[in-house]
Amino acid sequence: RGLKPGQKCKGRAITLRMVPQRPDIAADKPAGEISPEYEAFELCGPKEVLCISSVGPWESVGGDIKFLRLKQLGLGGLVTDGSVRDTDEILSYGFPCFSHSTTAKQGPAAMQPWECNGVIELGQTNPVVVRPGDAIIGDQDGVVVVPAAAAEKVYEIAHFRETVEGIIKEELVKNPGPPGKYYPFKPPIKPESPLGKLLDSKGIKY
């Protein structure tokens, strides 16, 4: 969920995979500012959403010092199935942040960044796959992932549905009654149905 009510984000995924801490792996990966973590950060901007896979829901993927760089880059959003620290500071940074929860724990003892822009899983119970470039959309209800190859088609379907639902709600406000006359609906909408006739009256093609 978002760190505060009303947060929204949209953009293309930049991914970062965390793995459990192990000394030999830590010794083999690039360190410091060329770490996979900061490699991923530097790919971020207003049109990107950084997606970080954690090793556990209560493990911290970062806090105020690390994420200051994301503020400087104007990040479009941060999504993780782990937790974040320093909530007040992150909120002050202004970018939307969606996480399993918040925590006072630091993460390095439990995990380490391993790969930038590879395929990752997000979600501890029912994980979803995220590829770099996938469309990420988040709001008060949660976060969804749309495969890049399907993003345009999904947008067309969602936009049409939003238009139809707006017309249905407007009609029900003007003429109160059970929503079942028009809703729920799924294509194909029959011209002779109450919803078909309502859309025809509004000049909406379906």
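The values are calculated or read from the model by the stated rules, or taken from the named source; none is laboratory data. Predicted, not measured: the structure shown is a model, and the values here were computed from it. When we count neighbours, we look across all protein chains shown, and the Cβ atoms used for this are built from the backbone with ideal geometry, even at glycine. Each accessible area value is taken on the protein alone, full model and side chains, heavy atoms only, with ligands, DNA and RNA left out. Shrake-Rupley method; radii C 1.70, N 1.55, O 1.52, S 1.80 Å.
Temperature 25 °C, viscosity 0.890 mPa s: under these conditions the Stokes-Einstein estimate for the stretch 88-167, based on its Kirkwood radius over C-alpha pairs, is 156 µm² per second. Once the chain from residue 21 to residue 89 is taken as fully extended at 0.36 nm per residue, the excess over their C-alpha distance is 21.8 nm.
Shown are 114, 58, whose ranking by accessible area with a 1.4 Å probe and every protein chain present, most to least, is 58, 114.
Against the main long axis of the alpha-carbon atoms of the chain, helix 151-174 sits at an angle near 50°. Antiparallel beta bridges, as assigned by DSSP with both residues in the chain, represent about 55 percent of the total such bridges. Quick one: check the C-alpha center-to-center distance for the stretch 154-206 versus the stretch 64-92, whole angstrom. Value for the Cα centre distance between the two parts: 40 Å. Estimated purely from DSSP H runs of n ≥ 4, each contributing -39500 (n - 2.57), the mean residue ellipticity at 222 nm for the chain is -8500 deg cm²/dmol once divided by its residues. The aspartates and glutamates within cross-link reach of residue 71, meaning a Cα-to-Cα straight distance under 18 Å and a gap of 8 or more places when in the same chain, are 33, 37, 39, 42, 48, 86, 88, 89.
Note on residue 200 and residue 158: with the Förster distance fixed at 25 Å, the Cβ-Cβ geometry gives a FRET efficiency of about 0.70. A Förster radius of 25 Å, combined with the Cβ-Cβ distance separating residue 47 from residue 124, puts the computed FRET efficiency at roughly 0.35. If R0 is 41 Å, the Cβ-Cβ spacing of residue 65 and residue 151 corresponds to a FRET efficiency of close to 0.75.
Candidate values (1) 1, 5, 8, 13, 17, 16, 15, 12, 8, 4, 2, 0, 0; (2) 1, 7, 14, 16, 16, 11, 8, 7, 7, 5, 4, 2, 1, 0; (3) 1, 7, 12, 14, 12, 10, 10, 11, 9, 7, 4, 2, 1, 0, 0, 0 were compared with P(r) over Cα pairs in 5 Å bins from 0, in percent computed on the shown model; the agreeing label is (2). Heavy-atom accessible area for residue 42, with the other protein chains in place and a 1.4 Å probe, reaches approximately 100 Å². The residues of the chain present an accessible area of 58 Å² per residue when probed at 1.4 Å with all protein chains retained. Among the protein heavy atoms of the chain, carbon and sulfur supply 56% of the accessible surface, probe 1.4 Å, non-protein parts ignored.
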